[in-house]
Every structure is written in structure tokens, then in C-alpha cells.
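The next block holds one structure in the form of C-alpha cells; read it before the comments.
The values are calculated or read from the model by the stated rules, or taken from the named source; none is laboratory data. Predicted model, so just to flag it, every value in this text is computed and none were measured. Here the Cβ positions follow ideal geometry from the backbone for every residue, glycine too, while neighbour counts run over all protein chains shown.
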Amino acid sequence: MTNQDFASSYTTMKEEDVKAYVTSQMRYFSEDAELDVKEIGDGNLNYIFRVKDKATDRSVIIKQAGPVARISDEFVVSPDRNRIEYDILKLQGELAPGLVPGVYHYDSMMNCMSMEDLSDHQIMRDALMEKKHLPAFSDHITTFLVKTLLHTSDVVMNHKEKKDEVRSFINPDLCEISEDLVFTEPFYDCPRNDVFEGTKPVVEQEIWADEALKLETAKLKFDFMTHAQALIHGDLHTGSVFVQEGSTKVIDPEFAFYGPAGYDVGNVVANLMFAYVNGSVTMDAGTEKEEYLAFLERTIKEVVDLFISKFQAEWDSVEKDRTATYEGFQAYYLDGILEDASGVAGCELIRRTVGIAHVKDLTAIEDEKARVRAETVCLRTGKRLVMDRAAIKSGAAFFDVLQKQLSDTMKEA
Ligand code: SR1
Ligand code: MG
């Protein structure tokens, strides 16, 4: 492609096009630079290219949104998600410095953006599959959550400016995916679901036949669609986090929109639970297993408890809407976030087990019986987190739900 082509018409780029794009259009590298370009994306939606100058090792990431999802043409998704991702990464970088990658430019014609290369980091889900301990994660992620969720809310923001932000981050296609994949399809025998054969009886009896559970998921879905509380990441699972010793970077906020703050907190907790369940059924008994599970237990509890204490401290230190200072309002507001977090964690545990978009923590379990046990624990924990969400208000309370379902299910085996 010529420079002119990049400026006047969209094309889904291949590695060769990216080489031309970064030199002639972006002018990030000189024309004679010897570049190594690799498509490294393994997500469900986009194309990610790493471009590296062989001589200097200088590198950049180009992320391009196509008109349909990578996982399936069935999902027609507006490329505007790339603009949303660029804008929110800039904002999150200001609110939570050092906890997101740096972004360099956005191109509305090619629906692509460039950003910092985090090759020295590893995707957190992969690190957890390798049973690595990440002791800094709970502190980093709770700072990210508190700063991004509280400071984009009506508690702190000028209400008119906040409404402008709500408009700017309207994200109908990506929200539709979550409405369908998280809150709707996993709770009935939807053709798009992908249920592991051995787990099917549990899904049929304990999820699809449970009318009370379905009612609660409907409430959570309508809350997701109508509660424009804060600018949420919208897909904060462990595949959306890069880690390195002492460093955490939250990536991929293309599902961002103004929604319930508890959605992000719940997703983090649920995905730590997947790692815990994986470790429980795949690791041999011994010190390594005990220490790894103890690290995860501590992390699950700290994510909730540090979120609560940092949220309270931040709330107390910032200038707020007058009515938000009334006695009891902070507790009411935080209670609502925790209740949503529990409900969403529950839906995430169920949807990643039953729906189209799985997690490696479950699918990589080779032993069929162990996988069924792990999936059963996730389904039952998810159900309790949804049903009992009004009473789950601490890290210990979240973890207790998981531990009880794990021990009850293991006894059945
Ligand atoms: C069609 S996209 C499927 C899933 O991948 C993303 O990471 C989101 O979690 C979405 O639900
Ligand atoms: Mg993603």
C-alpha cells in the first residue's frame, strides 16, 4: 500500500502493510530501517502487531480493529472501539500513572493505534498457569480500580462533564456482546454455548433449571445496561493484564463504557478464582501447591479488602458532590459496588465455563474428571456469588464461598 492509501481508505493490515504503515504513514522508523513485524494477537477481537527495529531494538505495538471479531464473523463490532480504547488508556494513564501502557497515536481511518511495547511483561493468565506468585498485584490493581472508578463517577466529577463522558464512551456493539455472553446466553441452552460434555448435567440441573438464579441474572443484566456509575474497563480478566516482577499494566479496555463500578472488581476476583480452581485440581499435593494456593487466597482477599480501604480513603480525601458527604452515603455507595462485584463475579465464573468465550484455566485441564470437578466448582461458586451477593462484603466472604464449593464438590468425587 502507498502512504496515500493509508490516509484515504481502510484495509485490514497484514504484516507487510504494517511495515509500510509505521515507516511511511507514522514515520516512527526511518525508511531504510530493517524491521521485524509479527502479528502476536491471541485475543477474540483484534490484530496486534509488534514492530521492532533490528538494529536499535526500538519497538512499538500497532493494534488494529477489524469490522468483525476475530473469534467469529457472527460478531459485527464497530471499529470505533479502537478510538474508545485509545481515549480511555490516555485517561487511565492520568488517573493511575504507571498502571497502563503508554499510547502514542490513534488513526481513525485505519482504526488502529500505537502503544508501548510490553514484551518484557507476560500476560497474567499465562503467568498464573505457570504458577508464578505475583505479590504486588493486589496493591496495584486496587489502586487502578479505585482511581479509575471513583474519579470518573458523579461523586467526584462535575455532573455535566460526566454526562459528556458518558456520551463519548457509548459503546453499543461491545456492550451487546457482554449483555449476551455474560448475562443471557449462559443461563439457557443457547446454541452458541460451548459446554464440556462431562459438565453438561450440572449445567442443566443447577444452572439452566434454576429459575431463581435466572431472575437474579436478569436484575444484574439490567443494572449493567442502565447504571452509568463510572467509566469501567469492561473486560478486566487476567488476559487483560500484563505482569512483570513489581509491575502491573492493565490493557485492552475496548469494552469500556459507563456502567456499574462493581463490574471491574467482580471480573478481577472471578478470574483469580479460576486460577485457584486450576491450581487445586492440577497441582500435586506438597509445599509448592500449598504456597501457590496461599498466595492466591491472600490475593483474592486483598483485592476486595484493599479495594474497600483505598476507596474509603480516596473518598475521604477528594472534593465531592455535597450530597455525597451526608453521613452514611459512602457506606451505601460502597455496599452497592460490592454487591454488584459479587453478582458479576458469579456471572463471569458461569459464563466462562458454559459460554462461547472460555478461559485456559479450565480448558487446559487435561484430565477429564478433574476438568468436570473444576467446572462444577466454578458453576456452584458463581451461583452462590449471584444469589447471596447482598451479604458478601469482604475478601474473606468472597473466598469462603469458593472454599465451601470446592470442599463440597471434592467430597462428591
Ligand atoms: C466476541 S468477544 C468474546 C469475549 O472476549 C472478550 O475478551 C470479552 O470477554 C468477550 O466477552
Ligand atoms: Mg480483550
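For region 315-351, which positions are of a type in the set (Asp, Glu) and within 30 Å of GLU206 (Cα to Cα)?
Passing the criteria: ASP335, GLU339, ASP340, GLU348.
List every residue pair whose Cβ atoms sit under 7 Å apart, with the two residues 6 or more apart in sequence or on different chains, where the first one lies in region 159-183 and is aliphatic (A, V, I, L, M) and the second, anywhere, is part of a helix (DSSP H, G or I).
LEU174/ARG81; LEU181/ARG351; VAL182/CYS347; VAL182/GLU348; VAL182/ARG351
Would you point out which residue out of ALA413, ALA391, ALA341, ALA364 is at pLDDT below 95 and either over 19 Å from ASN267 (Cβ atoms) or within 21 Å of the chain's Cα centre (by Cα) (or both)?
ALA413
Could you list, in sequence order, all residues of region 33-54 that are small (Gly, Ala, Ser) and surrounded by fewer than 17 Cβ atoms within 10 Å (Cβ to Cβ)?
If the condition is that a residue be small (Gly, Ala, Ser) and surrounded by fewer than 17 Cβ atoms within 10 Å (Cβ to Cβ), then GLY41 is the only one that fits.
In region 313-392, which helices (runs of 4 or more DSSP H) lie fully inside it and hold 3 or more residues that are farther than 22 Å from THR238 by Cβ?
329-354, 368-387
Of all residues in region 219-236, count the ones that are buried (at least 21 other Cβ atoms within 10 Å of the Cβ) and either within 12 Å of ligand 2 (Cβ to nearest atom) or of a type in the set (A, V, I, L, M, F, W, C) (or both).
Looking only at that region, the number is 9.
Identify, from the list LYS131, LYS162, the residue that is surrounded by fewer than 22 Cβ atoms within 10 Å (Cβ to Cβ), basic (Lys, Arg) and part of a helix (DSSP H, G or I).
LYS162 is the lone residue from the list that is surrounded by fewer than 22 Cβ atoms within 10 Å (Cβ to Cβ), basic (Lys, Arg) and part of a helix (DSSP H, G or I).
Mind checking which residues of region 235-282 are within 11 Å of ligand 1 (Cβ to nearest atom) and touching a Cys at 6+ places or on another chain (Cβ under 8 Å)?
PHE255
For region 275-286, check the following and say yes or no: at least one residue is of a type in the set (Phe, Trp, Tyr), modelled with pLDDT of 95 or more, within 16 Å of ligand 2 (Cβ to nearest atom) and not in a loop (DSSP other than H, G, I, E, B).
no
Test ARG81 against the criterion of being within 19 Å of the chain's Cα centre (by Cα), farther than 23 Å from GLU165 by Cβ and surrounded by 19 or more Cβ atoms within 10 Å (Cβ to Cβ), and give yes or no.
So ARG81 does not fit the description; no.
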